[in-house]
Structures are given as C-alpha cells and as structure tokens.
1. Only one of (1) at pLDDT 90 or above; (2) more than 20 Å from the chain's Cα centre (by Cα); (3) assigned to a strand (DSSP E or B) fails for M171. Which number is that?
2. From the list A41, A118, A65, A123, which residue is touching a Phe, Trp or Tyr at 6+ places or on another chain (Cβ under 9 Å), more than 16 Å from F302 (Cα to Cα), modelled with pLDDT of 95 or more and not in a strand (DSSP E or B)?
3. Just for segment 242-291: of the residues that are touching a Ser or Thr at 6+ places or on another chain (Cβ under 6 Å) and not in a strand (DSSP E or B), which one is nearest to Q32 (Cα to Cα)?
4. Would you call T212 assigned to a strand (DSSP E or B) and closer than 27 Å to Y128 by Cβ?
5. Identify, from the list G285, G301, the residue that is modelled with pLDDT under 95, closer than 25 Å to T176 by Cβ, of a type outside the set (V, I, T) and out of contact with any Asp or Glu (no Cβ under 7 Å at 6 or more places or on another chain).
6. Run down Y31, Y107 and say which single residue is surrounded by fewer than 17 Cβ atoms within 10 Å (Cβ to Cβ), hydroxyl-bearing (S, T, Y) and either modelled with pLDDT of 90 or more or part of a strand (DSSP E or B) (or both).
7. Across segment 216-241, which residue is nearest to G263 (Cα to Cα) among those that are of a type in the set (D, E, K, R) and assigned to a strand (DSSP E or B)?
Amino acid sequence: MKTIMKKAIILIVVFSTIRGVAQQDPQYNLYQYNQMVINPAYAGARDAIAIVADVRKQWLSFPGAPTTAALSVHSPVANNKVGLGLTIVNDKIGSKTVSSGYANFSYILKLNNKTKLAFGARAGYSSYKFNFSEVKYKQTDDAVTADLAGTNKGSIDIDAGLYLRTNTFYMGLSATHLNNGKVYNGDFTVRDTTGVKDYSVSYILRPHVFLTMGKSFVVNENFLVVPSIMLKNVMTKTTVDVNLNFFAAKRIWFGGFVRQGFGFGGLFQVYVTNQFRVGYSYDFGTGARRQLGSSHEIMLGFDIKKNKSKMTSPRFL
C-alpha cells in the first residue's frame, strides 16, 4: 500500500506546484490590458472608473487544469491623487478552489506634466477549499480517506506595488503574499487497510514578484508599436515573458508573446465603443508541455468617464 500513501502526499504537494515550479498564483495573459490583477498600484491608472471581468481556461487537455475568473473595479478619486479598487478572484485547480477578495489603494504622485508614480497596497482574505471527493486514483480498489483536520482553510493576504507611467512608457514592480500567510499547518491523515498514518504538512503562501515594462513607439497617428516584458520571480525561479503589441486605427490592440519555459501565445483587444472593450488570448506549450493542450482567456472591460464622448487614452496597455 505504499503507493497509496505516496498518492495522498502527492495530492497535497501538487496543489502548490502544478502551475510551475513553486508557482501558486493564477496565470494571466491579458494582464497587459489590466495590470490590476498583478499590481495594486495600477488602481486609478486608466483615468476612469474601470471595470474588468476576466475568465481563463488553462491547459484544456489536462484533467483538473486551472480555471480562473477575476473581477476588478478601480477608479481615481481625490482629484486623481488616489486610486481605489476592489478585486475578486476564483481559481480552481484539481480538487482545490481558492476564492479571494481584496481592497486596493494607491497614492498617485505627479512628478511632472507627463510622469506619474503610484504607490499601491492591497489587503484581503483568501479562502481555500479542498474537495477530496473529486480525486480519482488509477487503482480503483485503493481504499483511502484523507483528512486535513477540516478542508476549508483561509489566510489574510497582503500585496504591494509601484507603478510609473508617462504618455509612452510604463514600468511596474509588485509583490504578492508579503505576509507569507499560512493556509494550513498540521497533520495529514491517511487511512487504508494497513491502518492509520499521520504526516505533517504545511501550505504557506510564498511571495511572487512581478516586474513589467513597456514602451510605445509612434509610427503614425493610426499605428503604434509597443514592446514589453514581464519578469516573474517565485522563490528562486525567475521566468520572462517577451511581448510585442500593435495598436491600429485607434481601436484594435493585437500582438504575440513568448513565455520562457513554456511556449507561445497571441492576444488582441478591440474597443467596440469608446467605453467598452473585448480581449482574447490563446497560448500553447512547446515540447513536452504541448501535451497539456492550449489555453484560452477572455476579458470584458468598461471604462466610465465623466466625458463619455472621449475614449480612455490607449497610450499604455
């Protein structure tokens, strides 16, 4: 029965490692059009009341693969000196479901007529539910029950960030889980035909650090070229996304990206009206990761301004 105990232990470990080495946070491609999901200092950066809904289905060929839904609302207030926002995220992977809610705050400092620097913080609560009834074993005759001394857990979560922007340039630096919240720290019990065995298991939220940077180059009044990068560090592992986007006819964003250690993807965003935009992304892995299947992400965004005839400036993503 030693294989049974190994499966039970692996079940816990996989919760925090299935997305990549030590990665716990959801993966987003359309963060380029809504950096609020990775940086609380972005609150208020669109100079409008911005409402964004995002749904991602990852690795369609992989059973129990991640499904993420996020909703964010933010706006500048106090003469554009402060940004306030709310973020709600539901993330399901395998038999683990995470539901999180955050309040966002940013202080926006105007350095000169073209440059603004925002200091942001986000605090909230993440609820973790482990549903072991959804676990399927290869050997159907394995008789195992696993308890985590109660399967509903949670933790307070604190993030922070910086966001610098001009009319043609942006740079963001942010970090999640700064408080190293403990979701679970206790005994894991395996019951099988050989008896009962206890194991010590912990699940701690590890900081994820994001560095984003992008620059707009004007070809003419109807066409922009915007290269950008994102560096992500989780514990000792750093990965890089390299992106190249284009903005055409003052309505359409489109482009592609390369993700280190995974593969390639494409994305676009269309301003259906001056206030309503729709985004979509597709990505796929290369090599052995190709077997995971493709991923799809859809985003709907609303920008509500006092002057509704004017479109929110697309100078940055």
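1. The number of the failed condition is (2).
2. On the way: A118 fails: not in a strand (DSSP E or B); A65 fails: modelled with pLDDT of 95 or more; A123 fails: not in a strand (DSSP E or B).
Exactly one of A41, A118, A65, A123 is touching a Phe, Trp or Tyr at 6+ places or on another chain (Cβ under 9 Å), more than 16 Å from F302 (Cα to Cα), modelled with pLDDT of 95 or more and not in a strand (DSSP E or B), namely A41.
3. It comes out as Q260.
4. Spelling it out, it is not the case that T212 is assigned to a strand (DSSP E or B) and closer than 27 Å to Y128 by Cβ.
5. It is G285.
6. Details: Y31 fails: surrounded by fewer than 17 Cβ atoms within 10 Å (Cβ to Cβ).
One residue alone meets the criteria, Y107.
7. D241
The values are calculated or read from the model by the stated rules, or taken from the named source; none is laboratory data. Just so it is clear, the model here is predicted, and its values are computed rather than measured. Positions of Cβ are backbone-derived with ideal geometry, glycine not excepted, and every protein chain shown enters the neighbour counts.
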